[in-house]
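The values are calculated or read from the model by the stated rules, or taken from the named source; none is laboratory data. Treat the numbers as computed from the prediction; the structure is a model and nothing was measured. Neighbour counts run over all protein chains shown; Cβ positions are idealised from the backbone, glycine included.
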Amino acid sequence: MRADAGPPPTAPGSPAAQVRFDQRLDQSWRGWAPLKEACAADLKNAMEADDAARIPPLVRAVADFTLIERGAIGPGSRRAQRTLRIARLSLARRLIARHLSKSSLSPTFVAGLLGVSVRYLHVLFETTGTSFSQTVAIKRMQESRRLLRETPPRPIAEIAHACGFGSLATFYRIFNASEGLTPGEFRARGSGADASSPATEATGHLTVK
């Protein structure tokens, strides 16, 4: 065995690998940009919704990114790690919205885009009280309700596909279970529950520690 052999490679998704990933983000502003932008977008949405629980941590995260960029906060500090967790959750939500039409949308897919382990991704969503799968389901129902209200009306099969439902039958089953109406009946009424109504949306509050 060579005396100068380096340490064994770090296993992907391990705590050590996660720390290395966090620290590498500091080497290029391009690595931080999507996370900072996701936080800023989440903050804007929270302010528009007057979501008092989510606004303070997002304000701190956006401010901390500026301090990290200027070198006032070290990327390996607890404060920076907390900011990264908040930002990754924001970015994960944006990625879900961006890829909602994919019926294969999964934790593995989103975790890969974020550069984190699947377990780490699930932990991020656990802090909100709404799991990854629940978040995807909520987003798909919101989008389907929005599209059903559009004029001129789009074919229901096209809406099902656009929202990532694997089949038209699956869309009808899930929509009817959620709304008590078929998609066609919901459209005909023209006055279903609002997409952002507390009765139809479980908004997970940010409690990342």
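Would you mind telling me which numbered condition in (1) touching a Ser or Thr at 6+ places or on another chain (Cβ under 6 Å); (2) within 18 Å of ALA92 (Cα to Cα); (3) polar (S, T, N, Q) ASN176 fails?
Failed condition: (2).
Of everything in segment 142-171, what is basic (Lys, Arg) and closer than 21 Å to ILE96 by Cβ? Give them in sequence order. Write out each step before concluding.
Here is the first cut: in segment 142-171, the ones basic (Lys, Arg) are 145-146, 149, 154.
Passing the criteria: ARG145, ARG146.
Closer than 30 Å to LEU58 by Cα and either assigned to a helix (DSSP H, G or I) or at pLDDT 95 or above (or both) - does that describe any residue in segment 146-156?
yes
For segment 30-63, how many residues are of a type in the set (Asp, Glu) and under 14 Å from the mean Cα position of the chain (by Cα)?
Step one: filter segment 30-63 for residues of a type in the set (Asp, Glu), giving 37, 42, 48, 50-51.
After this cut, where a residue has to be under 14 Å from the mean Cα position of the chain (by Cα) as well, the list is 37, 42.
Within segment 30-63, residues that are of a type in the set (Asp, Glu) and under 14 Å from the mean Cα position of the chain (by Cα) number 2.
Which one of these does LYS139 not meet: (1) in the same structural domain as THR170 (by TED's automatic domain parsing); (2) more than 21 Å from PRO34 (Cβ to Cβ)?
(2)
Just to be sure before I move on: is THR128 of a type in the set (Ser, Thr, Tyr) and part of a helix (DSSP H, G or I) in the structure I sent?
Numbers: of a type in the set (Ser, Thr, Tyr): yes; part of a helix (DSSP H, G or I): no.
No: the conditions fail for THR128.
Here's the yes/no breakdown for (1) surrounded by fewer than 18 Cβ atoms within 10 Å (Cβ to Cβ); (2) assigned by TED's automatic domain parsing to the domain that holds ALA160; (3) small (Gly, Ala, Ser); (4) over 29 Å from HIS161 (Cα atoms):
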residue	(1), (2), (3), (4)
LEU43	no, no, no, yes
MET47	yes, no, no, yes
ASP64	no, no, no, yes
SER77	yes, no, yes, yes
GLN81	yes, no, no, yes
LEU105	no, no, no, no
PHE109	yes, no, no, no
GLY112	yes, no, yes, no
VAL118	yes, no, no, no
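Considering only segment 182-193, I want to know if a residue exists there that is outside any helix (DSSP H, G or I), more than 18 Å from ASP42 (Cβ to Cβ) and either of a type in the set (Asp, Glu) or modelled with pLDDT of 95 or more (or both). If you could, list the steps in order and put the result at the bottom.
Residues of segment 182-193 that are outside any helix (DSSP H, G or I), as a first pass: 182, 190-193.
This time we only want the ones that are more than 18 Å from ASP42 (Cβ to Cβ), so: 182, 190-193.
Among the residues that remain, those that are also either of a type in the set (Asp, Glu) or modelled with pLDDT of 95 or more (or both) are: 182.
Among the residues of segment 182-193, at least one is outside any helix (DSSP H, G or I), more than 18 Å from ASP42 (Cβ to Cβ) and either of a type in the set (Asp, Glu) or modelled with pLDDT of 95 or more (or both), which makes the answer yes.
Might you check whether a residue that is loosely packed, with under 15 Cβ neighbours inside 10 Å, farther than 30 Å from ARG189 by Cα, of a type in the set (S, T, N, Q) and outside the structural domain of GLY164 (by TED's automatic domain parsing) occurs anywhere in segment 87-103?
No, there is no match, as no residue in segment 87-103 is loosely packed, with under 15 Cβ neighbours inside 10 Å, farther than 30 Å from ARG189 by Cα, of a type in the set (S, T, N, Q) and outside the structural domain of GLY164 (by TED's automatic domain parsing).
Have a look at THR200, THR207 and point out the one that is within 23 Å of VAL118 (Cβ to Cβ) and modelled with pLDDT under 95.
Unique residue meeting the criteria: THR207.
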